[in-house]
1. Here are A:R6, A:R11: which of them is more than 29 Å from A:L125 (Cα to Cα) and part of a helix (DSSP H, G or I)?
2. Filter the range B:169-189 down to residues that are facing chain A (nearest Cβ under 8 Å) and at pLDDT below 95, then give me how many there are.
3. For A:C90, work out the one condition from (1) under 25 Å from A:E151 (Cα atoms); (2) free of Cβ contacts under 8 Å to residues at least 24 places away in the same chain it doesn't fulfil.
4. Do we find that B:A33 is hydrophobic (A, V, I, L, M, F, W, C), under 23 Å from B:I14 (Cβ atoms) and surrounded by fewer than 19 Cβ atoms within 10 Å (Cβ to Cβ) in this structure?
5. Taking the range B:106-119 on its own, how many of its residues are in contact (Cβ under 8 Å) with a residue 40 or more places away in the chain, surrounded by 18 or more Cβ atoms within 10 Å (Cβ to Cβ) and within 12 Å of another protein chain (Cβ to nearest Cβ)?
6. Can you work out which of the residues in the range B:131-168 that are more than 8 Å from every other protein chain (Cβ to nearest Cβ), of a type outside the set (D, E, K, R) and open to solvent by 10 Å² or more (accessible area, probe 1.4 Å) is farthest from A:S160 (Cα to Cα)?
7. For A:E199, are the conditions met, namely being free of Cβ contacts under 8 Å to residues at least 60 places away in the same chain, at the interface with chain B (Cβ under 10 Å from one of its Cβ atoms) and closer than 18 Å to B:L148 by Cα?
8. How do the pairs read when you match residues in the range B:32-56 that are in a helix (DSSP H, G or I) with residues anywhere that are of a type in the set (S, T, Y) and open to solvent by 50 Å² or more (accessible area, probe 1.4 Å), using Cβ under 8 Å and keeping only pairs 6 or more apart or on different chains?
Number of protein chains: 2
Amino acid sequence: MVQQERARSTRAAIIGAAARIFEEQGYGGTALAAVATEAGVTKGALYFHFPAKEDLAVAVIEEQHAIASADGVRVQALGRPALETLVLICRGFALQLIEHSVMRAGIRLTFEASAFGHDVRQPYLDWSTRFAELARTAQDDGDLRGDLDPEAFALLIVGSYTGVQMVSDILTGRQDVLERLADLWRMLLPGVVAPDRQEHVPRLVDLFLGAP
Amino acid sequence: MVQQERARSTRAAIIGAAARIFEEQGYGGTALAAVATEAGVTKGALYFHFPAKEDLAVAVIEEQHAIASADGVRVQALGRPALETLVLICRGFALQLIEHSVMRAGIRLTFEASAFGHDVRQPYLDWSTRFAELARTAQDDGDLRGDLDPEAFALLIVGSYTGVQMVSDILTGRQDVLERLADLWRMLLPGVVAPDRQEHVPRLVDLFLGAP
C-alpha cells in the first residue's frame, strides 16, 4: 500500500514536472532527462512510469482534460440555470489556463499532437456535446433564442475559445486572456440570447468576469 | 536572365512541394529529402535555396501570409463598404484554406513554430490592425455599433477565425469550415451591427457564403 502510494505520488510529480517543461519547450524541445531532473527522480523511475516521451505527453493531455472536466462537474453541481452554467464553465477553464501549467502544457501538446500521432478529437467532441446540451436546456429556459442551432452554437464556443486563448498566448503570453474571452461573450451574447432576455447580457458578462 | 528565371521557378516548385509535405507530416515529420523528391529537384538544388528545414518552413509561412495579404488587397480594391470588405476578406481567407496547400501548411507551421523558434506574432498583428481599421470605418459608415471597441472586435475576429478553422480541421478535415465560419458571422453580427442596420445581417452572411 505504501509502495502504491509512493508510485502514485512519483507519477504525479513526473506529470507536473513534464507539464512545466512541455509548456516552455514544446514536444520536440523536451528531453526526458530534463523532466527527470525537474521532477527530482532518477531516469530509471521516469522510464518505469513512462517508457517513451509520447506516453508522457499523452498523460499530460489526459490530466489536462481530467482537470477541466472535473471543474465542469463542480460548476454543474452549483445548480444554476444552464446559460449561467455554460458561462461559469468557460470562466473556470480560463482561470485554470492562468493558474495551472498542466492546462497550458496540455493545450500546447494538443496543438502539436500530430508530431506524435495522437488523436486529439475526443476533448473537442466532449466539450461540444456538453455545451450543446446546456444550450438546449437554456433554450427550454427561454434564455437562448428559440431559432438558435445548439450544436452550431456549441461548436462556435469551442472553436472561438480555442483560438482566442491561443492568439492571446501568442500576442501577450495570456496576460489579456480573461479580457479577450469577456469580449467574446460581450459581442456574441446579444446575437444568441432571446430578445426578451437581452437585459441579462451585461450580468452574464460580469458573471464571466467573477461577479457572484 | 534565363538562369534567374529558372532559379525562381525552382524555388517556387520547392515551396509548393514543401507545403504539400509539411501539411501532411508537420515540421517534425518532414524530411528535406522527401521535399526534393516531391519537387523533382536534386538535394543539392534544395540545399542551395534552403540550407536548413527551418528556412523552408519560414518560406512557406511567408508565402502563406503573402498570398492571404494579396487577396486582402484584391478585396479592398473592390471599393465596397468597410463591413462588406471585412466579411469578403474573411471569405477569401476561408476559400484559400480550402484551395491552397500553402495556406494549410503555413497555418500548421505557425501552430508548430515554437518547434523551430520562429516568431509568429507579425501576421496576427497585421490582421488585427487591418480589421480594426475596417471596423472603425464601418462605425463611421453607421454599419457597426458606435459603442463597439474596434481593436477588441478585430482581435475577436482573428482569434475566433484561428480557432474555428482549427477545430474544423481536427473534427472534419475542414470539410465544414465554410459553414462553421458562416455560423460565426450569423451569431456574432447581431451583437456588433448597429441597431438600425440589423436587417442587413442575413445579407452579410449570404455575402460570406458567396452571394454577389
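The values are calculated or read from the model by the stated rules, or taken from the named source; none is laboratory data. Quick caveat, the model's predicted, so the values are computed rather than measured. Don't worry about glycine lacking a Cβ; one is built from the backbone with ideal geometry, like all the others, and counts go over all protein chains shown. Calculation scope for accessible area: heavy atoms of the full protein, side chains included, ligands and nucleic acids excluded. Shrake-Rupley method; radii C 1.70, N 1.55, O 1.52, S 1.80 Å.
1. Details: A:R11 fails: more than 29 Å from A:L125 (Cα to Cα).
A:R6 is the lone residue from the list that is more than 29 Å from A:L125 (Cα to Cα) and part of a helix (DSSP H, G or I).
2. To start, the set of residues in the range B:169-189 that are facing chain A (nearest Cβ under 8 Å) comprises B:170-171, B:180, B:183-184, B:186-189.
From the residues that got through so far, the ones that are at pLDDT below 95 too are B:170-171.
Matching residues across the range B:169-189 total 2.
3. The one condition A:C90 does not meet is (2).
4. Criteria met by B:A33.
5. Final tally of qualifying residues: 9.
6. Out of the qualifying residues, it is B:G142.
7. Working: free of Cβ contacts under 8 Å to residues at least 60 places away in the same chain: yes; at the interface with chain B (Cβ under 10 Å from one of its Cβ atoms): no; closer than 18 Å to B:L148 by Cα: yes.
Here the answer is no, as A:E199 does not meet what is asked.
8. B:L32/B:Y47; B:A36/B:T42
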